[in-house]
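Here is the structure we will look at.
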Amino acid sequence: MFCSVIISKMKNEISIRISKKSDIKSIAIVSSGCFPQDYIVGENKINDLAIAEKWFAKRLSLKPFSWLFVAVNKNKKVVGFAYFMMIGGLSGIVQLEIMGVDEKYRRQGIASKLISQGEKIITKDFAKQFKKPIVKFILTTSMENQNSHYVYQKQGFIKTASLGELYFGAEEVLYTKNI
Ligand SMILES: CC(C)(COP(=O)(O)OP(=O)(O)OC[C@H]1O[C@@H](n2cnc3c(N)ncnc32)[C@H](O)[C@@H]1OP(=O)(O)O)[C@@H](O)C(=O)NCCC(=O)NCCS
């Protein structure tokens, strides 16, 4: 069920699979590149990779209440990731909390695949584990991450609310997708 089988093989030889412990360092590197402010400690100028690793390692341990997916290329290099978590207990609401794709691999459909394949797996897992359906996927994103808005809208998410300034003083937007 949560094994690391390859879930889909893409035309460009990118595969999407559930992450393993051994992926954590690579995920932290990709995330740190995508989000240069997210793992800065105190007055430092750059992200602290050890903190990023810890952040993802803790999330990996939240199975079966969360899912961390990776996109890997033909050399098994992690080039993207997406982290989903259940919110509100077994409400059937799942939040896509964070996703990122290595800059060199963007515009190849990797984020889209992480979302579409991820949602399918989550829906199946949730029904199997908890005998209930997924009701809704939600996410928030910053107006600063303009590219992500295109991806989410293309994946069927609808802009539901503006949340005002949130992370690092930027305007945040709520997207939802009813299932
Ligand atoms: C947002 C992000 C994850 C998109 O990853 P990606 O793998 O390049 O996205 P996809 O290739 O699946 O893009 C799907 C569609 O979104 C749109 N899109 C994506 N990036 C775009 C860009 N730079 N300009 C215009 N449209 C864009 C396009 O319509 C694209 O489809 P197309 O290439 O067939 O035209 C990536 O840019 C990223 O990691 N950014 C930094 C971190 C971030 O913002 N994360 C999301 C917030 S948590």
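The values are calculated or read from the model by the stated rules, or taken from the named source; none is laboratory data. Bear in mind the structure is a predicted one, so any value in this text is a computation, not a measurement. Here Cβ is always computed from backbone atoms with ideal geometry, including for glycine, and neighbour counts include all displayed protein chains.
What to note about this one:
- Filter pass, Ile121 being more than 9 Å from the ligand (Cβ to nearest atom), over 20 Å from Leu174 (Cβ atoms) and in contact (Cβ under 8 Å) with a residue 60 or more places away in the chain: yes
- Residue that is within 15 Å of the chain's Cα centre (by Cα) and either farther than 21 Å from Lys58 by Cβ or not hydrophobic (A, V, I, L, M, F, W, C) (or both), where the choices are Ser142, Ser162, Ser91: Ser142
- Taking the criterion of being over 23 Å from Leu62 (Cβ atoms), at pLDDT 95 or above and more than 16 Å from the ligand (Cβ to nearest atom), no residue of segment 1-39 qualifies.
- Test for Val78: is it farther than 22 Å from Tyr175 by Cβ and within 16 Å of the ligand (Cβ to nearest atom): yes
- Hey, Ser116 more than 9 Å from the ligand (Cβ to nearest atom), over 9 Å from the mean Cα position of the chain (by Cα), at pLDDT 95 or above and not hydrophobic (A, V, I, L, M, F, W, C) or not: yes
- Of all residues in segment 149-173, those that are touching a residue at least 12 places away in the same chain (Cβ under 8 Å) have Cβ atoms under 6 Å from Cβ atoms of residues that are near the ligand (Cβ under 10 Å from one of its atoms) and in a loop (DSSP other than H, G, I, E, B), 6 or more apart or on another chain, in Ala170/Glu144.
- Matching residues in segment 15-64 - criterion: being of a type in the set (Val, Ile, Thr), more than 15 Å from the chain's Cα centre (by Cα) and surrounded by 14 or more Cβ atoms within 10 Å (Cβ to Cβ): Ile40, Ile51
- Residue count for segment 94-112, restricted to those that are buried (at least 17 other Cβ atoms within 10 Å of the Cβ) and more than 6 Å from the ligand (Cβ to nearest atom): 5
- Considering segment 130-178, the qualifying strands (runs of 3 or more DSSP E), each wholly inside and each with 3 or more residues that are away from the ligand (no atom under 11 Å from the Cβ) and exposed (fewer than 13 other Cβ atoms within 10 Å of the Cβ), run over 158-165.
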